[in-house]
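Below you'll find the structure, written out as structure tokens, and then a few comments.
The values are calculated or read from the model by the stated rules, or taken from the named source; none is laboratory data. If you're wondering where the values come from, they're calculated on a predicted model, not measured in any experiment. Cβ placement follows ideal geometry from the backbone for every residue including glycine, while neighbour counts extend to all protein chains displayed.
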Amino acid sequence: MKRMLKGLYVITDKKLIPRDRFLETVEEALRGGANVVQLREKDTPADEIIELGKALLKLTKQYGVPLIINDSVELAKDIGADGVHLGEDDPIVSRAREALGGDKIIGVSCYGKIERGLDAERNGADYVAFGTPFFTPTKPERTPTSFDVLREAVSRIKSIPIFAIGGITPENANSVLETGVDGIAVITAVFSSEDPEKAARKLASIAANYNKNRY
């Protein structure tokens, strides 16, 4: 599963994906070529996330794509997911690793902080994410992270993949990937589209032209 950590990484958003079409919509993104799926559920009861996560895990397994759970190590364990994505307010990498085991994927949000990325790498994270390179409606308060920061991250973080996230679209994805990052993570560009499969396919194709195996 860890070999899949490149290319197009899609993140769910319940504001964009109708509950009655949740699995269907995510499957469209998978058919379009998404390499990683993150279940991101803010302010949703834990039992609902677990039920949704287990159903989604069955789907992602069919496509051989890892399912990552946002923020919660406990929910990742309960769901049996492939890994967890940690933000600033979540457990540190070493604690997540102890809880989940060596075979699970641990990702870390670095925002625009190179040192946070280096620390994540040293402590055994499997990938890091830097953002946002552009304005994004998902995080309207976030100050954009410059391409110089992305390039510095690529030059200094050598052993794990780097994703860029935030405001990435088919129109600007090339410029992001040209910094040397291994992949692009998106929410709106796929899940606000009238045709998520087509949107994902276009972004996955763009990413494929720049993918660099860093292992």
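Selection within segment 40-73: residues that are more than 21 Å from residue 127 (Cβ to Cβ) and charged (D, E, K, R). The member of this set that is surrounded by the fewest Cβ atoms within 10 Å (Cβ to Cβ) is 43.
The single condition among (1) modelled with pLDDT of 95 or more; (2) in a loop (DSSP other than H, G, I, E, B) that residue 53 does not meet is (2). Checked against the criterion of being of a type in the set (Val, Ile, Thr) and either over 29 Å from residue 158 (Cα atoms) or out of contact with any helix residue (DSSP H, G or I) (no Cβ under 8 Å at 6 or more places or on another chain) (or both), segment 47-60 contains one or more residues that satisfy it. For segment 109-129, the count of residues that are modelled with pLDDT under 95, within 24 Å of residue 37 (Cβ to Cβ) and not hydroxyl-bearing (Ser, Thr, Tyr) is zero. Say we look at segment 161-188 and pick out the residues that are in a helix (DSSP H, G or I) and over 9 Å from residue 203 (Cα atoms); which of these is nearest to the chain's Cα centre (by Cα)? Looking at the filtered set, the residue picked out is 188. Does residue 96 satisfy being in contact with a Lys or Arg (Cβ under 9 Å, 6 or more places away or on another chain) and either of a type outside the set (Val, Ile, Thr) or closer than 26 Å to residue 142 by Cβ (or both)? Answer is yes for this residue.
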